[in-house]
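The values are calculated or read from the model by the stated rules, or taken from the named source; none is laboratory data. For clarity, every value in this text was computed on a predicted model and none was experimentally measured. Counting neighbours? That spans all protein chains shown, and the Cβs are built from the backbone with ideal geometry, glycine included. Note: accessible area is taken over every heavy atom of the protein model, side chains too, but ligands, DNA and RNA are not part of it. Shrake-Rupley method; radii C 1.70, N 1.55, O 1.52, S 1.80 Å.
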Amino acid sequence: MAAKQNVRSMTEEQEASLYERLGGHAGILKLIHPFYADVRQHAVLGPIFNSHIQNWPEHLEKIASFWALQAGGEPSYRGGFAGAHLKLGLEPEHFQHWLGLWELNSRRQLASREAEEMIAIAQRLGGRLQMVTQAYK
């Protein structure tokens, strides 16, 4: 009987979305909070984020909704992902720093499989966002 339960658990885990495997919205917040704590203190990224974000709790909820959508969760994100970044004057180095912190925090906070998936999503999004922001300079 235990073998059948193990097989069923493995099958359910394979079928679960990344969002579910992260622990839903609460699981995403467990990654987002320490990540943005690092961002806010970062020598290069901190000044940009701190000068543009006035309400951090609200921003973190919005970002958690964004990542929930990216991970296969609820589609409650209502924001302009690319548009919000266009007037920040971002350079390639900003993306490198951001992705480095994302990778570090993903590996610290998440199981290996989920960390790799979140890192891959961030790299894809970062690449697209970098192309958009550079095109509008």
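The single condition among (1) under 15 Å from the mean Cα position of the chain (by Cα); (2) assigned to a helix (DSSP H, G or I) that residue 46 does not satisfy is (1).
Looking only at segment 5-20, how many residues end up being open to solvent by 50 Å² or more (accessible area, probe 1.4 Å) and modelled with pLDDT of 95 or more? So the answer is 1. Are any of the residues in segment 110-130 in contact with a helix residue (DSSP H, G or I) (Cβ under 7 Å, 6 or more places away or on another chain), more than 20 Å from residue 31 (Cβ to Cβ) and assigned to a helix (DSSP H, G or I)? For segment 110-130, residues in contact with a helix residue (DSSP H, G or I) (Cβ under 7 Å, 6 or more places away or on another chain), more than 20 Å from residue 31 (Cβ to Cβ) and assigned to a helix (DSSP H, G or I): present. Only one entry of 123, 96, 130, 109 meets the criterion of being of a type in the set (S, T, N, Q), farther than 24 Å from residue 17 by Cα and either surrounded by fewer than 17 Cβ atoms within 10 Å (Cβ to Cβ) or modelled with pLDDT of 95 or more (or both), and that entry is 96.
Given the condition more than 15 Å from the chain's Cα centre (by Cα), of a type in the set (A, V, I, L, M), at pLDDT below 90 and surrounded by 12 or more Cβ atoms within 10 Å (Cβ to Cβ), answer yes or no: does some residue in segment 51-67 qualify? The answer is no; no qualifying residue exists.
Among the residues of segment 83-93, write down those that are surrounded by 14 or more Cβ atoms within 10 Å (Cβ to Cβ) and part of a helix (DSSP H, G or I). Scanning segment 83-93 gives 85, 86.
The set of residues in segment 16-48 that are more than 13 Å from residue 74 (Cα to Cα) and among the charged types (D, E, K, R) comprises 21, 30, 38, 40. Does segment 68-82 contain at least one residue that is polar (S, T, N, Q), assigned to a loop (DSSP other than H, G, I, E, B), surrounded by 12 or more Cβ atoms within 10 Å (Cβ to Cβ) and at pLDDT below 95? Scanning segment 68-82 turns up at least one residue that is polar (S, T, N, Q), assigned to a loop (DSSP other than H, G, I, E, B), surrounded by 12 or more Cβ atoms within 10 Å (Cβ to Cβ) and at pLDDT below 95.
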